[in-house]
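The values are calculated or read from the model by the stated rules, or taken from the named source; none is laboratory data. Because the structure is predicted, anything quoted here is derived from the model rather than measured. Please note: Cβ atoms are built from the backbone with ideal geometry, for glycine as well, and neighbour counts cover all protein chains shown.
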Amino acid sequence: MRTIDRTHDAAASSWLGSANTPGTDFPIQNLPFAVFRRAGSREMPRGGVAIGDEVLDLAALSRTQCLEGLALRAAQSCAAPVLNDFLAMGPVAWRTLRGALFDLLHTGEVATAPSHVETVRGCLVPQSEVEHALPVRIGDYTDFYTSIHHARTISRLLDPKGEVPRNFQWVPTAYHGRVSSIGVAGQKFRRPHGQALRDGSTTPEYGPSRRLDYELELGIYVGAGNALGERIALSRAEDHVFGISLLNDWSARDIQAWEMAPLGPFHAKNFTTTVSPWIITMDALAPYRMPWTRPAADPQPLPYLESASHRAGGAIDIRLQVSIETHRMREAGLAAEALSRTSFSHHYWSIAQMVTHHAAGGCNLQPGDLLGSGTISGPEPAEAGALMELALAGKKPVQLGNGERRSFLEDGDAIIFHGWCEREGFNRIGFGFNHGLVLAALSQSEE
């Protein structure tokens with residue numbers, strides 16, 4: 001578990017003014033990583049760090065005299081089009097580079113090494129002028145199902161007497177997803193086709209999904225991996241996690257309902273998954289830890305998923321918001337409208353427990369592997385992480401401010417996720433945004 005150090009000091013400021021703007025997602029205490037290039041250019045994508053409204057180009061910085069030793073080697077590894085080599089270096093290298101970047105960007109650097117300030121300033125690129133690529137080469141993608149509030153609501157929507165599966169309270173359940181269709185925020189995708197059993201019918205039909213939905217999740221990036229056959233202890237699980245982004249597990253509910261038995265979702269999920277560009281490091285999240293709890297009446301975790309230190313600080317309070325921007329809103333110049341707010345602190349299983357359980361059978365995790373947290377929903381209806389929950393599977397459509405209603409997503413709808421952390425005594429940090437746009441399904445003549 002990460003510790004709090006000088007890089008979390010709420011009083012620390014940067015010589016870059018935009019990093020000190022109240023409410024910014026990217027103050028000096030954050031320093032998240034992404035892969036970028038100047039928009040429309042033929043530049044090689046490379047690693048960068050967000051500071052205020054700029055991107056610090058790590059490839060350019062690594063060619064200066066501002067870094068040395070392990071920090072320099074870590075920055076050099078970020079000059080590649082993907083961050084896998086950097087993630088493989090492990091938490092000591094991650095923390096060393098974070099500390100070195102903090103020192104270079106800190107206000108105190110102006111007085112101690114003004115030449116460094118001008119050099120670093122020359123390595124900045126405005127965020128408004130960049131485009132992003134996936135931050136890592138994702139080897140494997142595992143999507144968990146670990147919010148009991150989401151599981152209970154969905155079970156009861158499908159069957160009024162429905163209960164969560166018996167194993168849910170004992171094991172972080174998951175399935176292996178599709179890597180090739182994962183894209184970065186800004187992604188536009190076609191409404192998927194698939195088989196679905198319509199109401200009143202006994203025979204499925206093939207066609208565009210009529211019940212397209214989003215799922216609010218976190219994307220968890222594996223850093224240093226483990227050898228095949230080697231388990232990961234709960235106490236060391238987060239040493240294998242580099243950081244977190246926002247993840248939208250787009251879902252076709254009608255297709256999903258028909259194909260789920262017996263092996264789980266296939267066409268209902270494999271058409272696209274969208275991740276936000278910035279990876280917020282576990283080091284940056286250290287101040288926002290909180291106790292992990294389990295209701296006393298519920299089954300308590302088996303020993304390999306349980307420890308006193310995990311109870312003391314295994315959860316993270318990450319605030320999350322889902323907004324919708326319909327085609328009509330864009331045409332009228334209206335702002336996106338919030339649909340729900342929730343917190344990852346409500347999750348039934350923690351990140352460390354997901355990682356430990358994933359490797360419990362000897363599975364080898366590798367740098368750049370992606371884990372989806374599962375839909376994040378809270379105990380209250382307004383904290384739902386999916387439209388199916390908010391609209392009660394279409395029984396109670398969501399009323400929007402411009403007069404539109406939504407039971408499920410329509411063509412032209414954009415879904416926007418935002419995440420942030422705040423705690424008294426520490427600076428607020430943010431995740432940026434994850435947005436994706438639904439396009440009409442291909443017609444038969446276009447296929």
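Annotations for the structure displayed:
- Elements of type strands (runs of 3 or more DSSP E) contained in region 140-225, each with 2 or more residues being surrounded by fewer than 16 Cβ atoms within 10 Å (Cβ to Cβ) and not assigned by TED's automatic domain parsing to the domain that holds Glu380: none
- Candidate set from region 362-411 (those that are in contact with a Lys or Arg (Cβ under 8 Å, 6 or more places away or on another chain) and part of a strand (DSSP E or B)); member that is surrounded by the most Cβ atoms within 10 Å (Cβ to Cβ): Val398
- Scanning region 308-334 for residues that are buried (at least 19 other Cβ atoms within 10 Å of the Cβ) and either in contact with a helix residue (DSSP H, G or I) (Cβ under 9 Å, 6 or more places away or on another chain) or outside the structural domain of Glu404 (by TED's automatic domain parsing) (or both) turns up His310, Gly314, Ala315, Ile316, Ile318, Leu320, Val322, Ile324.
- Test: residue in region 128-138 that is crowded, with 21+ Cβ neighbours inside 10 Å, under 25 Å from Ala284 (Cα atoms) and of a type in the set (Ser, Thr, Tyr): no
- Some residue of region 180-192 being in contact (Cβ under 8 Å) with a residue 40 or more places away in the chain, among the aliphatic types (A, V, I, L, M) and in contact with a helix residue (DSSP H, G or I) (Cβ under 6 Å, 6 or more places away or on another chain): no
- The set of residues from region 231-253 being over 20 Å from Leu216 (Cβ atoms) and assigned to a helix (DSSP H, G or I) comprises Leu234, Ser235, Arg236, Ala237, Glu238, Asp239, His240.
- All of Thr273, Thr203 fail the test of being touching an Asp or Glu at 6+ places or on another chain (Cβ under 7 Å) and among the polar types (S, T, N, Q), apart from Thr273.
- Among the residues of region 335-342, some residue qualifies, meaning at least one is of a type in the set (Lys, Arg), surrounded by fewer than 24 Cβ atoms within 10 Å (Cβ to Cβ) and touching a residue at least 40 places away in the same chain (Cβ under 8 Å).
- Qualifying residue in region 59-69 (condition: under 18 Å from Ile280 (Cα atoms) and in contact (Cβ under 8 Å) with a residue 40 or more places away in the chain): no
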